[in-house]
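What follows is a single structure, written as structure tokens, with notes after it.
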Amino acid sequence: MMFSPGDRIRYECTGDDGLPLVRYGFVGGLAGTGGPVVVLLDGELGGDVVNLTEVQHVTVTTVELVLHGTDLVDEPELRRGLVSMWLAEADTAGLDIDSLHALGDGECDAPGGWCLADLHAGDERYVLRAVQLPHEVDIVRVRAESPT
């Protein structure tokens, strides 16, 4: 993946508490085609040098909310709240969502999968989904996907 100075990025790392952490920022510079990249994280004054494998471009489909707890998809009230939580993450990432239509309690479209909303960003349509993967039964992943 190629990066250029000024690109908006999503940086996955481990926080001081040992838990996974997602930060957002901009590419400040490159150390070479395969080398590390300097990222200027939101709210920080200096830059951090990070491995290319730990960053990705911010797009509608790369912004992901990872939460622990099956009750988040089992309970309709909590499932409805996932839309607002993902929108807050998208706002933090700097995404412009043109429109969003929540689907109430969501629609179960596969075992462990729920369609939560239809959204438009940049003249493209996406479906916001909450998914419990079979090998991650206590984790709920909320992300926008291109409709198939």
*How large is the dipole of the range 1-93 about the Cα centre if only Lys and Arg carry +1 and Asp and Glu carry -1, each at its Cβ, rounded to the nearest 20 debye?*
380
*Sticking with the crude label model, points 7 Å out along Cα→Cβ, report the distance from Ala88 to Glu145 in nm, one decimal please.*
2.5
*With Cα atoms, 0 to 90° folded angle of helix 76-93 axis to the chain main axis*: 20
_So if I take the centroid of the Cα atoms in the range 1-69 and the same for the range 79-148, what is the distance between those two points in Å?_
22
*Could you check which residue among Asp123, Asp48, Asp71 shows the biggest mean-square fluctuation in a GNM of the chain with a 10 Å Cα cutoff?*
Asp123
*When only DSSP loop residues count, what GluC sites (Glu not before Pro) in the range 1-99 have their Cβ near at most 16 other Cβ atoms within 10 Å?*
Glu44
*Mind checking which of Val38, Pro20, Leu65 is farthest towards the positive end of the range 4-81's charge dipole, using Cβ charges of +1 (Lys, Arg) and -1 (Asp, Glu) about the Cα centre?*
Val38
*Give, in nm to one decimal, the length gained when the segment between Leu67 and Val137 is fully stretched (0.36 nm per residue of separation minus the Cα-Cα distance).*
24.1 nm
*For the range 1-111, which whole percent of the accessible surface, found with a 1.4 angstrom probe, sits on carbon and sulfur atoms?*
53
*Taking a probe of 1.4 Å, how large is the accessible area per residue of the chain, in Å²?*
56
*Rounded to the nearest whole Å³, what is the per residue volume of the convex hull around the Cα atoms of the range 10-71?*
119
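The values are calculated or read from the model by the stated rules, or taken from the named source; none is laboratory data. None of the values given here were measured: they were computed from a predicted structure. A quick note on method: Cβ atoms are made from the backbone with ideal geometry, for glycine too, and the neighbour counts reach across all protein chains shown. These area figures cover heavy atoms from the full protein model, side chains too; ligands, DNA and RNA do not enter into them. Shrake-Rupley method; radii C 1.70, N 1.55, O 1.52, S 1.80 Å.
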